[in-house]
Amino acid sequence: MELMSSQAFEDPSTIEEIPEDDDDEGFVSFDSSKIPVYTVMLEETTREKCKTIIICEGIEATDFAKSHLPLVGSEPIGKLVKKTQLDKSEVEIWGFQYKEPEPSWFFQINEETLLCTCNPTISSEDFSLFAKTVITSFNSTMAVVILTVSPITNYKSDDHTTSTEAPLIRTLATSAFNSNGFVKNIRLEQPNILGGLAAGFLTVCDIKQIPAVACVAFSSNLDADVVNGFTTFLHSVECTQQLQISPTKRFPVRDKCTKTGNLYI
Amino acid sequence: MFVFLKDKSIDWSSLQDYTFILPAVSVGNIGQLSVDLLISSLRCDKLAKVDHPIFVPVVGSDPYDDIREQDLMTAAELYISKEKKLVILQIRGLLIKEFCADFLAKLVDWIKICSFTKTILLSSLYNYERVDSQLTGSPFRYTITSSVKSTVEEELKNLQWSALETRRSVWKEGTEEILFFPGGGYTNMLNKLCGKMNIPLVTLLIFCAEGDNIPGVLLITGHLNRWLNFVRMANDTPGWKFPASWKLFFGAPPPLTMY
């Protein structure tokens, strides 16, 4: 069953005359002249039964989810695709061909819990649109849990990160989320901020009063500390505390992100 | 567009004698940093969140007080100071250009409904785009729309502020002089829209570049404070309270072990 992104915003009107000082300071733009449309392709019954959705942003978080969470099979049960106006002519630049954007995928964990692994190449101008499409496709009574990994160098603290605890994990939650002691104690402190899809989801959920919590692990890669951190976090959150999280990898993860070039041909 | 926080709902018409301050997302983030300083120093209360597709999302903990409020910080929020009769919009993230016209139209409609006594835009311009007369002296400038009251215009003149100079249009033939806002984000668009809708808008700007712009922020907010007297002065200097979000602007300290 397809569900398209809400038409709450129309195509923006364009100004008649481009001013002389028109520049992009403070702005980002869509690639094409039309606002993209995201479409959820997931069975309606599955969406209606879903009470918790775990969102994974980035390669490391997706790796963790696919390797350690108890997924029902390794194949996805649905996807979220971006429809854009593309130039269909093939463009060869340095041996690469222009491709349609890769979809984001939905996996089943159990009847009430789904996993959504987000395409790592989503641009900043699409964050809100993507998040809104996912959230509005499900019941407003569901809970949202977001996992993301950020480089350790992004973490700002008075002490250098070498002297901080491992795993370095922090959380942010919407006001509708019932934060327990563990989540409150590791709240992401200022001056640190969170961007990306995690911010998109938290913002949409905050506006719609949906309980949502994001866990960000500061690390350079997916190591045992991050796995432990995510596991501890998921077990501390009521909607995911029953999940049987494997400490070792369940399925071999094919690295689809490695692309070969023609530099040495 | 505005989503009130719990128990904070108000009637927009009750803001008739308030002043509205908003930033432009412009070079050096001058407007946004200035608004940060005002909200922190005046201990403004968060009133509402702004829900519009223009904003690139960003979230965090309360940037002004880690202890007092546990509400999630989002990309754009509305603050109020009932004591100072101030409403302040803060924008923390980038903007999506294609939605700018719609956002500004809705914002201007809202400003009209509230009927603020003053609307003040804090902005900045690229310092490499200055004309000769702007190269020396203070980098501070102001502009007003045509519907600004003569009393306000008189106040600004008495403060001995410099109005933003016009310059000859490069694109058009002839000697037409225009107001030029390079690096000002939506400053030009908002000025034109307010002019068209007869909204009195005062724009305060400084010329700057990317980098550490705290001195520029103190300059523009100092000028604003000299005009409107929000923050008490101590030895001719306003008693600004820097927000918690200004810590570690340029990253964490280096590891001591490397020495």
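The values are calculated or read from the model by the stated rules, or taken from the named source; none is laboratory data. Only a predicted model underlies this, so the values are computations on that prediction, with no experimental measurement involved. Using ideal geometry, Cβ is built from the backbone for each residue, glycine included, and neighbour counts are taken over all protein chains shown.
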Q | helices (runs of 4 or more DSSP H) within the range A:120-233 that include 1 or more residues farther than 28 Å from residue B:250 by Cα and without any contact (Cβ under 8 Å) to a residue 40 or more places away in the chain | A | A:181-185, A:196-207
(Q) I need a count of the residues in the range B:1-54 that are under 19 Å from residue B:200 (Cβ atoms) and either away from chain A (no Cβ under 14 Å) or assigned to a loop (DSSP other than H, G, I, E, B) (or both). (A) 10
Q: Name every residue in the range B:222-259 that is of a type in the set (Gly, Ala, Ser) and in a loop (DSSP other than H, G, I, E, B), in order of residue number.
A: B:239, B:251, B:252
**Q.** When residues of the range A:152-183 are limited to those that are in contact with a strand residue (DSSP E or B) (Cβ under 8 Å, 6 or more places away or on another chain) and modelled with pLDDT under 90, the one surrounded by the fewest Cβ atoms within 10 Å (Cβ to Cβ)
**A.** A:154
Q: Write out, first by first residue and then by second, each pair whose Cβ atoms fall under 8 Å of each other, whose residues are 6+ apart or on separate chains, and whose first residue, in the range B:1-12, is within 12 Å of residue A:208 (Cα to Cα) while the second is among the acidic types (Asp, Glu).
A: B:3/B:51; B:5/B:71
Q: Read through the list (1) modelled with pLDDT of 90 or more; (2) in contact with a Pro (Cβ under 8 Å, 6 or more places away or on another chain), then give the number of the only condition that residue A:225 fails.
A: (1)
Q) Restricting to the range B:55-67, what's the tally of residues that are more than 7 Å from chain A (Cβ to nearest Cβ) and farther than 16 Å from residue B:32 by Cα? A) 2
Q: Within the range A:202-233, work out how many residues are crowded, with 21+ Cβ neighbours inside 10 Å, more than 9 Å from chain B (Cβ to nearest Cβ) and of a type in the set (Asp, Glu).
A: 0
Q) Of all the residues that make up the range B:76-106, how many are within 12 Å of another protein chain (Cβ to nearest Cβ) and touching a residue at least 24 places away in the same chain (Cβ under 8 Å)? A) 16
Q. Can you pull out the residues in the range A:104-127 that are among the small types (Gly, Ala, Ser) and either more than 27 Å from residue A:29 (Cα to Cα) or in contact with a strand residue (DSSP E or B) (Cβ under 7 Å, 6 or more places away or on another chain) (or both)?
A. A:104, A:124
Q) Looking only at residues in the range A:184-201 that are touching a strand residue (DSSP E or B) at 6+ places or on another chain (Cβ under 7 Å) and among the small types (Gly, Ala, Ser), which one is nearest to the other protein chains (Cβ to nearest Cβ)? A) A:199
Q) residue B:109 versus (1) surrounded by fewer than 16 Cβ atoms within 10 Å (Cβ to Cβ); (2) touching a residue at least 24 places away in the same chain (Cβ under 8 Å); (3) more than 16 Å from residue B:220 (Cβ to Cβ); (4) not hydrophobic (A, V, I, L, M, F, W, C): which is the lone unmet condition? A) (2)
Q: Have a look at B:131, B:148 and point out the one that is surrounded by fewer than 21 Cβ atoms within 10 Å (Cβ to Cβ), touching a residue at least 40 places away in the same chain (Cβ under 8 Å) and in contact with a strand residue (DSSP E or B) (Cβ under 9 Å, 6 or more places away or on another chain).
A: B:148
Q. When you scan the range B:134-156, how many residues do you find that are modelled with pLDDT under 90, basic (Lys, Arg) and not in a loop (DSSP other than H, G, I, E, B)?
A. 0
**Q.** residue B:16, sole failed condition from (1) in contact (Cβ under 8 Å) with a residue 60 or more places away in the chain; (2) surrounded by fewer than 24 Cβ atoms within 10 Å (Cβ to Cβ); (3) on the phi < 0 side of the Ramachandran plot; (4) under 18 Å from the mean Cα position of the chain (by Cα)
**A.** (4)
Q: Return a yes/no flag: does the range B:167-174 have any residue that is touching a strand residue (DSSP E or B) at 6+ places or on another chain (Cβ under 7 Å) and in a loop (DSSP other than H, G, I, E, B).
A: yes
